[in-house]
Each structure stands twice: as structure tokens, then as C-alpha cells.
Ligand code: CMP
């Protein structure tokens with residue numbers, strides 16, 4: 001077993017589009033365990049830390065403006081190979097490459113508003129989970145149905 005945790009964020013606009021439940025449902029139905037969940041409006045400083053690797057790129061300022069423009073839903077999911085599994089459910093960052101059936105392929109037209117963020121490696125996941133969640137905000141639980149997934 002390679003149990004991993006991954007950080008997932010539903011970006012501004014997902015609440016307004018009233019599709020929060022639809023998106024969370026995709027991760028739940030896959031068999032991932034939701035172990036952390038909160039809503040917040042991201043402060044500038046947190047946005048800059050979270051997206052620090054993109055600092056200097058031409059889209060950085062617009063990315064920071066967008067991600068701080070309204071409330072987000074921040075989550076932690078746990079499961080076997082959760083990091084790559086969640087990336088596949090989300091689809092490629094560039095939405096024109098995201099196939100139907102993926103979240104980005106089904107719900108968005110523009111890369112700059114690709115509606116969901118998911119950690120790209122176990123190392124990023126650990127960093128991002130710790131940026132957004134305190135240890136006591138994570139709730140690991142055992143799944144009596146795990147043999148069915
Ligand atoms: P995300 O997975 O949250 O990680 C970085 C984000 O930057 C990405 O999703 C996109 O929303 C955004 N992004 C990446 N590439 C571009 C680009 N070429 N133009 C605009 N935004 C981008």
C-alpha cells in the first residue's frame with residue numbers, strides 16, 4: 001500500500017457556479033477519503049507562498065488576483081497513490097488538453113480559470129497541506145467498505 005495525502009482546492013467561482021458538490025462527489029466516488037475540508041478567502045501572502053514556483057511568470061499576477069478573488073474550498077484527500085490518482089481525475093493543467101471525463105475537461109474553458117488545483121507530487125502535497133491545514137484539522141478515518149473499492 002502506498003497511502004498518500006493530497007491537497008485539492010476548488011478555486012473561486014466554483015461556489016458561485018454551484019458545482020462544489022459535483023466536484024467533491026467525483027473524488028468520493030473514486031474511493032478517496034476526504035480527511036480535511038474548509039472554506040477560506042486566501043490572503044495575498046498565502047497565495048504568494050502557495051504559487052511561489054510560478055513567481056516571475058507572465059501569468060503570476062493574474063493568477064494571484066484570481067485565486068484571492070473569492071472563497072475557495074480547500075481539501076485534503078487520502079488514499080492509495082492519491083497524488084497521481086487525483087491529478088488524473090482533474091486532467092491536464094492546460095484545458096485544451098483536458099479530455100472529456102476529467103474535471104477540467106468537463107467544467108472549464110480557460111487554463112487561467114481551470115477551477116481546481118491538486119498537488120503535483122507527494123512533496124508538494126505535504127507542503128501544501130501544511131500551508132492550509134493545522135494537524136488537528138485533519139481527520140483520518142477507517143473505511144469499513146474499503147474492500148469494495
Ligand atoms: P494550478 O494547477 O492551480 O497551478 C498553477 C496555475 O497557474 C494553474 O493551475 C493555472 O490556473 C495557472 N496557469 C498555468 N499556466 C498558465 C498559463 N499559461 N496561463 C495562465 N494561467 C496558467
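What follows draws every value from the coordinates through simple rules; no lab data is involved. What you are looking at is a predicted structure, and each value in this text was computed from that prediction instead of being measured. Reconstructed Cβ throughout: ideal geometry from the backbone, glycine too, with neighbour counts over all protein chains shown.
Observations
- Nearest 10 degrees, 0 to 90: helix 122-132 Cα axis against the chain principal axis: 70 degrees
- Once the Cβ-Cβ distance of residue 58 and residue 139 is raised to the sixth power relative to R0 = 30 Å, the FRET efficiency obtained is 0.15.
- Per-residue ellipticity at 222 nm, computed for the chain from helices alone with -39500 (n - 2.57) per DSSP H run of at least four residues, works out to -9500 deg cm²/dmol.
- Structural descriptor for the range 35-77: relative contact order 69 percent, calculated from alpha carbon pairs under 8 angstrom and at least 6 residues apart.
- For the range 80-105, backbone nitrogen atoms closer than 19 Å to the point 7 Å from residue 130 Cα along Cα-to-C-beta are found at 83.
- Legend: ranking of residues 38, 11 from fewest to most surrounding C-beta atoms inside 10 Å; resulting order 38, 11.
- Simple label model, 7 Å out from Cα along Cβ direction - residue 147 to residue 40, nm: 4.0 nm
- Relative contact order of the range 1-101, defined on C-alpha pairs under 8 angstrom at six or more residues apart (%): 49 percent
- As a rough footprinting exposure proxy, the listed residues 51, 107 were ranked by other beta carbons within 10 Å of their own, and the order from fewest upward is 51, 107.
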